[in-house]
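First up is the structure itself, then whatever we jot down about it.
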Amino acid sequence: MRIVFAGSPAAAVPSLEALARAHEVVAVVTRAASPQGRKRILTPTPVAEAAAALGIPVLEANRLDADATAAITALEPELAVVVAYGGLVREPLLSAPPHGWINLHFSLLPDYRGAAPVQRALIDGRGTTGVSVFRLVAELDAGPVVRMREAAIPEGATAGALLEQLAELGAHELVAAVDGIADGSATFEPQTGAPTFAPKLALADGALDLTAAAPAVLARWRGVTPEPGAHATVLDERGEGERVKLLALARSGTEPIAPGHALLAGRTAVVGTGSAPLELIEVQPAGKRPMSGADWLRGRGGSATFELGAVA
């Protein structure tokens with residue numbers, strides 16, 4: 001089956017590689033190269049790099065506009081597949097392939113329709129999630145489902161780690177869906193139940209509210225790690241604040257301390273929440289390299305005070 005694949009981040013690479021082994025991927029559509037890192041080096045998307053390694057032609061397009069529509073249509077794909085491309089597919093492109101477009105989504109639809117299903121599931125403290133393969137329609141993530149697989153969320157997994165797991169699981173389900181479409185055995189079923197939504201996370205979503213109970217703080221930290229990143233504001237002696245990235249947190253067995261107060265407990269750094277303290281394993285102060293929480297506190301005389309509430 002002739003397929004056009006649209007995707008951009010690393011989470012889409014396993015799907016591209018699996019489809020390329022099983023079917024004819026005639027082209028890859030991905031977002032344009034962008035400046036990355038401290039030196040702002042122009043870097044192709046992970047999908048573009050994977051396509052190049054596979055010898056598949058790449059079409060860079062940040063929007064599926066008239067030019068992109070014409071280029072994709074000219075390839076005469078039988079089916080188009082999208083995995084985290086980062087742009088909307090509209091008519092007439094939506095109806096151009098005879099078998100339409102299918103999408104791999106990292107939730108059990110209709111739960112968590114939108115751009116951040118993995119992150120929002122973790123923030124909400126869910127214990128299970130999954131993947132869905134569905135047909136694209138004009139409404140957001142609302143099309144009929146052809147494949148679905150549930151997955152347990154590992155204890156302590158961050159959004160980055162969970163997305164890697166789901167990317168592999170989703171690649172298997174996606175190939176099975178395409179196989180079924182190719183041989184005519186695929187069955188699409190309407191989504192059932194009331195939908196929930198998972199809008200894209202902003203920087204403000206990474207602000208940790210240290211007055212919340214420890215499980216809720218950890219859940220948000222897991223959901224916003226690595227992007228957009230967890231942070232809190234530490235106060236100096238004048239009451240002025242500086243944002244500190246909280247790169248690694250964990251449960252701590254130490255005695256309760258006041259919410260937002262951080263101190264050394266032996267060789268470890270802990271911070272108080274609305275219930276039990278959490279261990280500050282790794283932090284990154286503004287303009288500095290990542291360091292252990294204990295080293296950071298030693299440099300501050302052994303303690304620190306974070307501003308309370310979710311301060312963006």
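Structure summary
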| read-out | value |
| --- | --- |
| Antiparallel %, DSSP beta bridges [both residues in the chain], to 5 | 70 |
| Nonlocal amide H pairs with I153, under 5 Å, H built at 1.01 Å | T128, T129 |
| Placed amide H near V29: partners under 5 Å, 5+ positions off or other chain | F5, A6, G7, L59 |
| For segment 242-283 and segment 143-209, distance of Cα centres in Å | 33 |
| Average accessible surface area per residue within the chain, 1.4 Å rolling probe, Å² | 47 |
| At R0 = 30 Å, FRET efficiency that the Cβ-Cβ distance of E150 and A250 yields, to 0.05 | 0.65 |
| Placed amide H near L88: partners under 5 Å, 5+ positions off or other chain | L64 |
| Cα→Cβ-extended label distance, 7 Å offset, between K39 and R238, nm | 3.6 |
| Length gained when the stretch E60-E24 is fully extended (0.36 nm per residue, less Cα-Cα span) | 11.0 nm |
| √(5λ) per eigenvalue of the Cα gyration tensor, the chain, largest first, Å | 42, 21, 15 |
| Segment 6-155, relative contact order [Cα under 8 Å, separation at least 6], % | 19 |
| Average Cα contact separation per residue, segment 131-217, under 8 Å, 6 or more apart, as relative contact order % | 29 |
| On Cα atoms only, tilt of 159-183 relative to the major axis of the chain in degrees | 10 |
| Percent accessible area from carbon and sulfur atoms, segment 19-141, protein chains only, probe 1.4 Å | 52 |
| Note, ³J(HN,Hα) from phi for segment 34-46, Karplus 6.51, -1.76, 1.60, rounded to Hz, x at Gly and Pro | 9, x, 10, x, 4, 8, 6, 7, 5, 10, x, 5, x |
| Relative contact order, percent, the chain [alpha-carbon distance under 8 Å, six or more residues apart] | 14 |
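The values are calculated or read from the model by the stated rules, or taken from the named source; none is laboratory data. From a predicted model like this one, the values you see are computed outputs, not experimental measurements. Ideal geometry is used to build each Cβ from the backbone, glycine not excepted, and the neighbour counts take in all protein chains shown. Areas reflect the complete protein model, heavy atoms only, side chains present, ligands, DNA and RNA absent. Shrake-Rupley method; radii C 1.70, N 1.55, O 1.52, S 1.80 Å.
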